[in-house]
Amino acid sequence: MDLRHRDTIYQNAKAWVYEAGKIIKEQMNNPLNIETKSDANDLVTILDKQTEKYFVEKIKDKYPDHQIIGEEGYGDQPKELDGTIWVIDPIDGTMNFVHQKKFFAISVGILHNGVGEIGLIYDVMNDTLYHVKRGEGAFRDNQQLANLSKDKQLSESIIGMNYFWLCENRLVDYRVMQDFIRTIRGARTYGSAALELAFIAEGTLDGYLSMRLSPWDVAAGIILLQEVGGVVSDVDGNKWDPLNKSSIVASNAALHKTILEIIKKGRK
Ligand code: 2AM
Ligand code: CA
Ligand code: CA
Ligand code: CA
């Protein structure tokens, strides 16, 4: 992708992310028309839908040849990774948004011919933007993020993961994951995959595990994390596929290998 063209796309995407955040803040205390999706805890609000529509309108107007993959379905359903694809989660952490009115983010990843070129994760209530253009550094607002430490031990690591890893589940023997919990320094559950990946990039977390996420949950976070030397795969070590749902294991390279070895012992 031509770098000048990429920079224009980045500037537009950034302006739209800030504007969308402003609209969410202005409207979040109005009735949210909360509905459920796949299950009773899978929530969606009018602002998830409205925010995605806002991006789709802006993108289709300015870049009619770009494609969009968005959680709420207002984009396209590309089958191939050719051309430029925007992968958008209008509100990542909807449960937090509904119940806590904070700890949610707007996540926008932009791929060109399958390569992640731009990533934006906007922590709306903290007014913090994580952003990256591949090869030009990852940033939190104006501050460049350092490369991930290579010699972090698992015993000194804080890992983002939810409690379902410790319950009977279809992926990994929970007793192996209980041993894992005893091995690491601590576990945290923030409820926004996009923010959790950004937290690894900034060093707040050392790793993140999730059983099933969609492309829009992780696209921007993966692009951000790769820029600081992070590694992302599914629980079996397969490379991330931007067109399909998968489990996610993210961390620095050394920890990633160790975590995959542990998961393998309990993999069903
Ligand atoms: P969401 O808020 O955009 O739905 C924590 O639950 C993380 O998992 C969030 O990033 C959330 O994204 C994502 N997630 C993916 N699928 C989910 C589902 N079916 N129910 C709840 N959260 C889901
Ligand atoms: Ca959702
Ligand atoms: Ca999401
Ligand atoms: Ca969402």
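Being within 30 Å of N126 (Cβ to Cβ) and either of a type in the set (D, E, K, R) or touching a Cys at 6+ places or on another chain (Cβ under 7 Å) (or both) is the filter; apply it to the stretch 168-203 and report the residue that is farthest from ligand 1 (Cβ to nearest atom).
Result: R185.
Considering the stretch 70-92 alone, what residues qualify as being within 12 Å of ligand 3 (Cβ to nearest atom) and of a type in the set (A, V, I, L, M)?
The initial filter retains those residues of the stretch 70-92 that are within 12 Å of ligand 3 (Cβ to nearest atom), namely 70-72, 87-92.
Answer for the stretch 70-92, where residues must be within 12 Å of ligand 3 (Cβ to nearest atom) and of a type in the set (A, V, I, L, M): V87, I88, I91.
Take the residues in the stretch 93-122 that are surrounded by fewer than 22 Cβ atoms within 10 Å (Cβ to Cβ) and within 15 Å of ligand 3 (Cβ to nearest atom), then tell me which one is farthest from the chain's Cα centre (by Cα).
Among residues in the stretch 93-122 that are surrounded by fewer than 22 Cβ atoms within 10 Å (Cβ to Cβ) and within 15 Å of ligand 3 (Cβ to nearest atom), the one farthest from the chain's Cα centre (by Cα) is V98.
Condition first: within 12 Å of ligand 1 (Cβ to nearest atom), under 21 Å from W86 (Cβ atoms) and not in a helix (DSSP H, G or I). Can you find one or more residues in the stretch 19-41 that meet it? Even if it seems obvious, please write down each step before you answer.
Our first condition is that a residue be within 12 Å of ligand 1 (Cβ to nearest atom); within the stretch 19-41, this holds for 36-41.
Keeping just the survivors that are under 21 Å from W86 (Cβ atoms) gives none.
No; the residues of the stretch 19-41 include none that is within 12 Å of ligand 1 (Cβ to nearest atom), under 21 Å from W86 (Cβ atoms) and not in a helix (DSSP H, G or I).
Which one of the conditions (1) over 21 Å from I85 (Cβ atoms); (2) surrounded by 14 or more Cβ atoms within 10 Å (Cβ to Cβ); (3) under 22 Å from the mean Cα position of the chain (by Cα) does R6 fail to meet, given that it meets all the rest?
Looking at each condition in turn, R6 falls short on (1).
Only one of these is in contact with a Phe, Trp or Tyr (Cβ under 8 Å, 6 or more places away or on another chain), β-branched (V, I, T) and in the same structural domain as D127 (by TED's automatic domain parsing): V17, V44, V98. Name it. Don't jump to the end; show me each part of the working.
On the way: V44 fails: in contact with a Phe, Trp or Tyr (Cβ under 8 Å, 6 or more places away or on another chain); V98 fails: in contact with a Phe, Trp or Tyr (Cβ under 8 Å, 6 or more places away or on another chain).
Just one listed residue meets the conditions, V17.
Looking only at the stretch 154-173, filter to residues that are without any contact (Cβ under 8 Å) to a residue 24 or more places away in the chain and exposed (fewer than 15 other Cβ atoms within 10 Å of the Cβ); which one of those is nearest to L195 (Cα to Cα)? Quick ask: steps written out before the conclusion?
Narrowing the stretch 154-173 to residues without any contact (Cβ under 8 Å) to a residue 24 or more places away in the chain: 166-168.
Narrowing the set further to residues that are exposed (fewer than 15 other Cβ atoms within 10 Å of the Cβ) leaves 167-168.
Values: C167: 24, E168: 26 Å.
So the residue we want is C167.
What pairs can you find where one residue is in the stretch 33-45 and hydroxyl-bearing (S, T, Y), the other is outside any loop (DSSP other than H, G, I, E, B) and within 12 Å of ligand 3 (Cβ to nearest atom), and their Cβ atoms are less than 9 Å apart, with a gap of 6+ or different chains?
Listed by first residue and then by second, the contacts come to T36/L43; T36/V44; T45/I91; T45/T94; T45/F97.
Counting just the residues of the stretch 35-57 that are β-branched (V, I, T), within 13 Å of ligand 2 (Cβ to nearest atom) and surrounded by 13 or more Cβ atoms within 10 Å (Cβ to Cβ), which one comes out nearest to A193 (Cα to Cα)? Lay out the reasoning, then the answer.
Residues of the stretch 35-57 β-branched (V, I, T): 36, 44-46, 51, 56.
With the extra rule that they be within 13 Å of ligand 2 (Cβ to nearest atom), the set shrinks to 36, 44-45, 51.
After this cut, where a residue has to be surrounded by 13 or more Cβ atoms within 10 Å (Cβ to Cβ) as well, the list is 44-45, 51.
Working: V44: 16, T45: 18, T51: 18 Å.
This residue is V44.
Can you work out which of the residues in the stretch 55-104 that are within 13 Å of I9 (Cβ to Cβ) and among the basic types (K, R) is farthest from ligand 1 (Cβ to nearest atom)?
K62
Among residues belonging to the stretch 58-73 that are closer than 17 Å to A20 by Cα and away from ligand 2 (no atom under 16 Å from the Cβ), point out the one that is surrounded by the fewest Cβ atoms within 10 Å (Cβ to Cβ).
D61
With respect to Y74, is the statement that it is of a type in the set (F, W, Y), assigned to a loop (DSSP other than H, G, I, E, B), within 16 Å of ligand 4 (Cβ to nearest atom) and not assigned by TED's automatic domain parsing to the domain that holds V218 true? Show your work before the answer.
Values: of a type in the set (F, W, Y): yes; assigned to a loop (DSSP other than H, G, I, E, B): yes; within 16 Å of ligand 4 (Cβ to nearest atom): yes; not assigned by TED's automatic domain parsing to the domain that holds V218: yes.
Yes.
Among the residues of the stretch 6-29, are any away from ligand 3 (no atom under 16 Å from the Cβ), farther than 20 Å from G221 by Cα and of a type in the set (S, T, Y)?
yes
Looking at S246, S192, S214, S210, can you tell me which residue is out of contact with any strand residue (DSSP E or B) (no Cβ under 6 Å at 6 or more places or on another chain) and within 16 Å of ligand 4 (Cβ to nearest atom)?
Working: S246 fails: within 16 Å of ligand 4 (Cβ to nearest atom); S192 fails: out of contact with any strand residue (DSSP E or B) (no Cβ under 6 Å at 6 or more places or on another chain); S210 fails: out of contact with any strand residue (DSSP E or B) (no Cβ under 6 Å at 6 or more places or on another chain).
The match here is S214.
Can you give me the ranges of the strands (runs of 3 or more DSSP E) entirely in the stretch 147-218 with at least 1 residues that are within 19 Å of the chain's Cα centre (by Cα) and closer than 16 Å to V231 by Cα? Spell out the reasoning first.
Working: elements: 158-160, 186-188, 207-213.
Result: 158-160, 207-213.
Please work out if V232 is in contact (Cβ under 8 Å) with a residue 12 or more places away in the chain, assigned to a strand (DSSP E or B) and under 19 Å from the mean Cα position of the chain (by Cα).
Details: in contact (Cβ under 8 Å) with a residue 12 or more places away in the chain: yes; assigned to a strand (DSSP E or B): yes; under 19 Å from the mean Cα position of the chain (by Cα): yes.
Yes: the conditions hold for V232.
The values are calculated or read from the model by the stated rules, or taken from the named source; none is laboratory data. If you're wondering where the values come from, they're calculated on a predicted model, not measured in any experiment. Counting neighbours? That spans all protein chains shown, and the Cβs are built from the backbone with ideal geometry, glycine included.
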